[in-house]
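K.L.:
Have a look at the structure that comes next, please.
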Amino acid sequence: MIKLKHIGFIVSHYPHLAFGHDGGLGTSVYNLVQSLKTKFEVSVFVYGQEKYFEIVETNMKIYSLNFKSDSFGFYKTRKKINQFVNKKIQDDDIQLIEVPDWTGISAFMSFPVPVVMRFHGSDAYFCHLENRKQKWKNFLFEKLAVSAANAFIAPTGFSAQLSKEIFRIKNKEIRTIHYGLRLNDFNNPESENFKNFQILYIGTLIRKKGVLELPFILQKIILKFPETRLIIIGSDAPDIETGLPSTWGLLKKQFGSAIKNVTYLGKIPYHLVQENIKESHVCIFPSYAETLGMVTIESMALKKAVVNTNIGWAKEIIDNGVNGLMAYPDDHESFSDHIMHIFSDDIFRKKIQSNARLKVESHFDIEKKTLENIEFYEEIINAKDR
């Protein structure tokens, strides 16, 4: 049996200090790579960057790729990335390449080693969840990339099944392996020390994250708890439906008089995100479209009571009423009732907080997830060798 000694990742985001912090996709890959490199060599190819540079660390090399082309850019850029990676595969004996599904970056690429695609969330996946039409070119690229992959990993069974249906995948395995956290980075020994009635939302200000539900949820809560504060953390973005340049601008109007209970911090350093999680009474994530939701499990790891969406993927994170609470994003009554239940019942809240940490320890420990990934990678390289 061939043992894995060197793996390569092609990514668009990677939260190394050289690139700055990133959420979601970048964080999940970073956590995995940090664990993998304690066991063997890892190469990370970060495309779409402004400058080319290389970083060499113990058992790891990071390449910042700035390949761009004017005419037929989508094709020529991919070919340049492909040539660069293939040279490193040959020179450094990389045995397997992992690629993301988003935009089908590996379309038109060919590798001499097996390719595993991880379903972080393709454009087709999110278009399906949001019930919006996808550009034909985006689907074509993603479909080509999916067709060329040898196998797939998905962070939830929900995202695995939906991606399988969207791309009509047959005769190729999709392994469900949850994202993982480095649990030592998430400690909250003073979990009873927080600001009463402070609600925290973390995420980009876009419709699919459910941010436009926040005003209606808050307006119901302040009728009973007028001292409630809502803290919002995340980058502003244009609103796809109205065409407005700022979703925050749209939100401010919808909050109405409740805007006095809202603080918008924008995008802040990651250590400050953790501080805000610890300081808050409850964290809420009324999202319509995720593959898993890293910030949800990060909040749970910090022993925080969470009210989350109840769509597909979220049911693999939270056991409703046991280690968190769930409601459909536009069910403002249920969402606000859940939050007020946490506000008013300390015994229930403490149970939720404690069980939340236990759920993360049992299902989202990066050391356990790493072993699952390695096992699958080795299955793929040995199947290719036969």
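The values are calculated or read from the model by the stated rules, or taken from the named source; none is laboratory data. Just so it is clear, the model here is predicted, and its values are computed rather than measured. A quick note on method: Cβ atoms are made from the backbone with ideal geometry, for glycine too, and the neighbour counts reach across all protein chains shown.
K.L.:
Taking region 326-342 on its own, how many of its residues are surrounded by 21 or more Cβ atoms within 10 Å (Cβ to Cβ), closer than 16 Å to Phe197 by Cα and not β-branched (Val, Ile, Thr)?
P.N.:
Adding up the residues that qualify gives 3.
Yes/no matrix, rows are residues, columns are (1) more than 30 Å from Phe40 (Cα to Cα); (2) surrounded by 14 or more Cβ atoms within 10 Å (Cβ to Cβ):
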{"position": "Asp345", "(1), (2)": "yes, no"}
{"position": "Arg349", "(1), (2)": "yes, yes"}
{"position": "Ser354", "(1), (2)": "yes, no"}
{"position": "Arg357", "(1), (2)": "no, yes"}
{"position": "Val360", "(1), (2)": "no, yes"}
{"position": "His363", "(1), (2)": "no, yes"}
{"position": "Glu375", "(1), (2)": "no, no"}
{"position": "Glu378", "(1), (2)": "no, yes"}
{"position": "Asn382", "(1), (2)": "no, yes"}
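K.L.:
Out of region 116-147, which residues are touching a Pro at 6+ places or on another chain (Cβ under 8 Å) and at pLDDT 95 or above?
P.N.:
The answer is Met117, Arg118, Phe119.
K.L.:
Tell me which of these Leu32 doesn't satisfy, since it passes every other one: (1) modelled with pLDDT of 95 or more; (2) surrounded by fewer than 20 Cβ atoms within 10 Å (Cβ to Cβ); (3) out of contact with any strand residue (DSSP E or B) (no Cβ under 8 Å at 6 or more places or on another chain).
P.N.:
It is condition (2) that Leu32 fails.
K.L.:
What number goes with the only condition from (1) within 23 Å of Leu205 (Cα to Cα); (2) part of a helix (DSSP H, G or I); (3) in contact (Cβ under 8 Å) with a residue 40 or more places away in the chain; (4) not small (Gly, Ala, Ser) that Arg349 does not pass?
P.N.:
All conditions are met except number (1).
K.L.:
Select from region 278-325 the residues that are of a type in the set (Gly, Ala, Ser) and over 14 Å from Ser354 (Cα atoms) and write down the one among them that is surrounded by the fewest Cβ atoms within 10 Å (Cβ to Cβ).
P.N.:
Among residues in region 278-325 that are of a type in the set (Gly, Ala, Ser) and over 14 Å from Ser354 (Cα atoms), the one surrounded by the fewest Cβ atoms within 10 Å (Cβ to Cβ) is Gly312.
K.L.:
Filter region 265-317 down to the residues that are in a strand (DSSP E or B) and touching a residue at least 40 places away in the same chain (Cβ under 8 Å), then identify the one that is nearest to Thr176 (Cα to Cα).
P.N.:
Per the stated criteria, the residue is Thr309.
K.L.:
At least 1 residues that are closer than 20 Å to Ile153 by Cα in each: list the strands (runs of 3 or more DSSP E) lying fully within region 1-100 that qualify.
P.N.:
By residue number, 6-11, 41-46, 96-100.
K.L.:
Also, quick follow-up: Any idea which of (1) crowded, with 19+ Cβ neighbours inside 10 Å; (2) closer than 29 Å to Asp123 by Cα; (3) of a type outside the set (A, V, I, L, M, F, W, C) is the one Arg168 doesn't satisfy?
P.N.:
Only one criterion in (1) crowded, with 19+ Cβ neighbours inside 10 Å; (2) closer than 29 Å to Asp123 by Cα; (3) of a type outside the set (A, V, I, L, M, F, W, C) is unmet by Arg168, namely (1).
K.L.:
Can I ask one more? Counting only residues that are under 17 Å from the mean Cα position of the chain (by Cα) and charged (D, E, K, R), which one in region 81-129 is nearest to Ile381 (Cα to Cα)?
P.N.:
That would be Glu98.
K.L.:
Every residue in region 317-330 that is touching an Asp or Glu at 6+ places or on another chain (Cβ under 9 Å) and of a type in the set (Asp, Glu), please.
P.N.:
Once the filter is applied, which keeps residues that are touching an Asp or Glu at 6+ places or on another chain (Cβ under 9 Å) and of a type in the set (Asp, Glu), region 317-330 yields only Asp330.
K.L.:
Could you tell me which numbered condition Thr156 fails, if it satisfies all but one of (1) over 16 Å from the mean Cα position of the chain (by Cα); (2) over 21 Å from Gly48 (Cβ atoms)?
P.N.:
Condition not satisfied by Thr156: (1).
K.L.:
A further question follows. Exactly one of (1) closer than 29 Å to Ser35 by Cα; (2) free of Cβ contacts under 8 Å to residues at least 60 places away in the same chain is unmet by Glu227. Its number?
P.N.:
(1)
K.L.:
Against the condition assigned by TED's automatic domain parsing to the domain that holds Ala148 and either surrounded by fewer than 18 Cβ atoms within 10 Å (Cβ to Cβ) or aromatic (Phe, Trp, Tyr) (or both), how does Thr77 come out, does it pass?
P.N.:
For Thr77, the condition - assigned by TED's automatic domain parsing to the domain that holds Ala148 and either surrounded by fewer than 18 Cβ atoms within 10 Å (Cβ to Cβ) or aromatic (Phe, Trp, Tyr) (or both) - is not met.
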